[in-house]
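Student: One structure follows; several queries about it will come next.
The values are calculated or read from the model by the stated rules, or taken from the named source; none is laboratory data. Small disclaimer: the values here were computed from a predicted structure and weren't measured. All Cβ positions, glycine included, derive from the backbone under ideal geometry; neighbour counts span all protein chains shown. Ligands, DNA and RNA are stripped out before the accessible areas are found, and what is left, the full protein with its side chains, is counted by its heavy atoms. Shrake-Rupley method; radii C 1.70, N 1.55, O 1.52, S 1.80 Å.
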Amino acid sequence: ILNVEQSPQSLHVQEGDSTNFTCSFPSSNFYALHWYRWETAKSPEALFVMTLNGDEKKKGRISATLNTKEGYSYLYIKGSQPEDSATYLCAYNTGNQFYFGTGTSLTVIP
Amino acid sequence: GAVVSQHPSWVICKSGTSVKIECRSLDFQATTMFWYRQFPKQSLMLMATSNEGSKATYEQGVEKDKFLINHASLTLSTLTVTSAHPEDSSFYICSALSLAGGPSTGELFFGEGSRLTVL
């Protein structure tokens, strides 16, 4: 059973603060690493698909980095806003299957 | 982005009844869809892989006769929880695999999820 871990489990930050969280995954059988943003009562929304070691992707105030050799990815949010409050899920893709972490629940306090 | 619709969002049923949950890809064809179950504070656990035109592949520990999956078309997969019992109460969510970006970076698009409560 592949183990994908996300930390912290939950996070509360003040509006305007920058924050980051981690996704750890096995460094073997790597195909891609996916980040999703999941708001309550909505579908998980794809943020990034990362495939290459050293990849860095950015979408607005959110960016992500990837280290496939050591098996981790960081998600950064710059200048957090209340609308960023959500659960952020990562998924490790072996090419045959997606393995999900438990998510990091982010609450941005106005 | 691609849209996947899941219905119903909430369902409450009596013990012993069967419940069907639908997962539709609205703007792309999905030969592969996935069904997950999520317990509180746990990650999404894959139950089965649904393949259009063939039998679903179930994960170890998931009862095939309990959780019937039908993927009759390229845009619809259904999960039927048969003879539901209180322990089947959970959050069920589907995803559809889009290969629009090429096979090497297949992307999952999720439904909104279905909350099942069995009394």
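Student: Check the straight Cα-Cα distances from B:Lys64 and name the lysines below 17 Å, setting aside those fewer than 8 residues away within the same chain.
Tutor: Cα-Cα hits under 17 Å: B:Lys20, B:Lys55.
Student: A:Tyr76: net charge of surrounding residues, Cβ under 12 Å, Lys/Arg +1, Asp/Glu -1, itself excluded?
Tutor: Net local charge, A:Tyr76 excluded: +2.
Student: Separate question: Shape of the stretch A:31-110 from its Cα gyration tensor (a ≥ b ≥ c, root eigenvalues): rounded if a/c is under 1.5, otherwise prolate when a/b > b/c, or oblate?
Tutor: Judged from the Cα gyration tensor, the stretch A:31-110 comes out oblate (a/c at least 1.5, b/c at or above a/b).
Student: With every protein chain in place, what's the accessible area of B:Val118 (1.4 Å probe, Å², nearest 10)?
Tutor: 10
Student: As an exercise, find the ratio Rg/Rh for the stretch B:1-67 from alpha-carbon atoms, using the Kirkwood inverse-distance average for Rh.
Tutor: The Rg/Rh ratio comes out at 0.97.
Student: I would also like to ask the following. Say we join alpha carbon atoms closer than 10 Å with springs in a Gaussian network model of chain B; which of B:Ser98, B:Ser25, B:Ser15 then has the biggest fluctuation?
Tutor: Of the options given, B:Ser15 has the highest mean-square fluctuation.
Student: Select from A:Ala41, A:Ala64, A:Ala91 the residue whose mean-square fluctuation is largest in a Gaussian network model of chain A (Cα-Cα springs shorter than 10 Å).
Tutor: In the Gaussian network model the winner is A:Ala41.
Student: Leaving ligands, DNA and RNA out of it, report the carbon-plus-sulfur percent of the accessible area of chain A at a 1.4 Å probe.
Tutor: Roughly 45 percent of what the probe reaches on chain A is carbon or sulfur.
Student: In addition: Of B:Lys41, B:Lys66, B:Lys14, which has the largest mean-square fluctuation in a 10 Å C-alpha GNM of chain B?
Tutor: Judging by the Gaussian network model, the answer is B:Lys41.
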